[in-house]
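The values are calculated or read from the model by the stated rules, or taken from the named source; none is laboratory data. Since the model is a prediction, treat every value here as computed from it, not as a measurement. Cβ atoms come from the backbone with ideal geometry, glycine included; neighbour counts cover every protein chain shown.
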Amino acid sequence: MAKATETLLEIDLNALDNNYRYLTSKLKSETKVLAVVKAFAYGSDSVVISKELATLGVDYFAVAYSNEGETLRNAKIETPILVLHPLPGNFEVIVNRCLEPSIYSRKTLEAFIAFAEARKQTNYPIHLKFNTGLNRLGFGENDISFIVEMLSKTNSVKVKSAFSHLAASEDLKLKEFTLGQIEGFRKISEELTAKLGYKPLLHCANTSGIINYPEAHFDMVRTGIGLYGFGNDKEENKHLKPIGTLKTVISQIHEVQKSESVGYNRGFIADKATRSATLPIGHADGIPRSYGKGKGWVTINGKKAHILGNVCMDMIMVDVTNIDCEEGDEAITRAESSAGVMWMPRPKTPLS
Ligand SMILES: *Cc1c(COP(=O)(O)O)cnc(C)c1O
């Protein structure tokens, strides 16, 4: 691969293909696949990733917010898109761009039906989210009668799927809890299907659910982190390849003398002569400030260079005392674990 001459995130689509094939090898052939591409496809590039996944044949995409779905539609992606966390203020964009809302409360159900009726929609696809233990978003099982009664009075919407989200599928110590969630979801699905009179698609497994709980696959699975190259243990990670490599270059090297300091608030004080390399990447680019003072590192010419002092907004300084390198050389940061996925630029909207 080409050497970086500025900060860039290299995305390896072959790794994505590998991860997709590995994860789908765990499924029955009829099980559908929803790819979660929220938050810039976990900090990479949702358009590039979704286009590749569409060619691989994914059945669905999911985003957190409607504007993320709009970005995919603007890029001419025609696969159905589930919006996991819509608010009533987003319904206009959702309907205009053929996005499909997750409906997770009585309020969002009433508001969406009213909106769909005002827009003269029929059978607009909605997805019912049930809370089975995460206590984040979702109806409770006691809401089923209310939901079915609301739906019986309108033909503006139709339940395309019903789903839930596992709280701890990666942690086998919590297996009993997870099996309880799966069983709870099964019961809710049965009651809902019986009362609705038709069967929506059912789904509750995330990546770790795919790997650890075949009984949670139902009609469709939702995978995010696995596609980007991280499973839930070392064994699984052998089959998955991180899709992203964040590269940057050394812009300047300083010879720091004993008792001099580096960076804001004198975050690093040299106890011996130290060579410091400045890199054009900082917390605005997703290098957390908590990586400062030696906790985070980059790789330069095959060796680890730890962060000196505090992470600046657009720069970090790293220790290259024992590394043979010069200005212009490449530095590589690679996400080491799912917790270490970096590079999370956020859309910036000015407040008016
Ligand atoms: C983010 C998310 C996922 C993806 O989970 P992974 O563990 O990354 O596979 C699935 N479902 C919901 C509801 C989510 O919010």
Does Glu255 qualify as being out of contact with any helix residue (DSSP H, G or I) (no Cβ under 8 Å at 6 or more places or on another chain), assigned to a strand (DSSP E or B) and surrounded by fewer than 16 Cβ atoms within 10 Å (Cβ to Cβ)? yes
From the list Leu174, Leu201, Leu128, exactly one residue is more than 28 Å from Val48 (Cβ to Cβ), assigned by TED's automatic domain parsing to the domain that holds Glu30, among the hydrophobic types (A, V, I, L, M, F, W, C) and crowded, with 17+ Cβ neighbours inside 10 Å. Which is it? Leu128
Residues of segment 112-130 being over 11 Å from Ser161 (Cβ atoms) and not aromatic (Phe, Trp, Tyr), in sequence order, are Ile113, Ala114, Ala116, Glu117, Ala118, Arg119, Lys120, Gln121, Thr122, Asn123
From Lys3, Lys26, Lys32, which residue is closer than 22 Å to Ser102 by Cα and of a type outside the set (A, V, I, L, M)? Lys32
Kindly indicate which of Thr7, Thr55 is more than 16 Å from the ligand (Cβ to nearest atom), within 23 Å of Thr245 (Cβ to Cβ), in contact with a Lys or Arg (Cβ under 9 Å, 6 or more places away or on another chain) and among the hydroxyl-bearing types (Ser, Thr, Tyr). Thr7
Members of segment 132-171 that are part of a strand (DSSP E or B) and either within 18 Å of Leu84 (Cβ to Cβ) or not assigned by TED's automatic domain parsing to the domain that holds Lys32 (or both): Phe139, Val157, Val159, Lys160, Ser161, Ala162, Phe163
Is it fair to say Glu92 is modelled with pLDDT of 95 or more, among the acidic types (Asp, Glu) and over 23 Å from Ser44 (Cα atoms)? yes
In segment 191-204, what residues are in contact with a Lys or Arg (Cβ under 7 Å, 6 or more places away or on another chain) and either near the ligand (Cβ under 10 Å from one of its atoms) or at pLDDT below 95 (or both)? His203
Determine whether Phe146 is among the aromatic types (Phe, Trp, Tyr), within 13 Å of the ligand (Cβ to nearest atom) and touching a helix residue (DSSP H, G or I) at 6+ places or on another chain (Cβ under 9 Å). no
Matching option when the condition is within 13 Å of the ligand (Cβ to nearest atom), over 23 Å from Lys160 (Cβ atoms) and of a type in the set (Lys, Arg), among Lys26, Lys38: Lys26
Considering only residues that are without any contact (Cβ under 8 Å) to a residue 60 or more places away in the chain and either within 11 Å of the ligand (Cβ to nearest atom) or more than 30 Å from Phe146 (Cα to Cα) (or both), which ones fall in segment 207-232? Ser208, Gly209, Asn212, Tyr213, Gly231
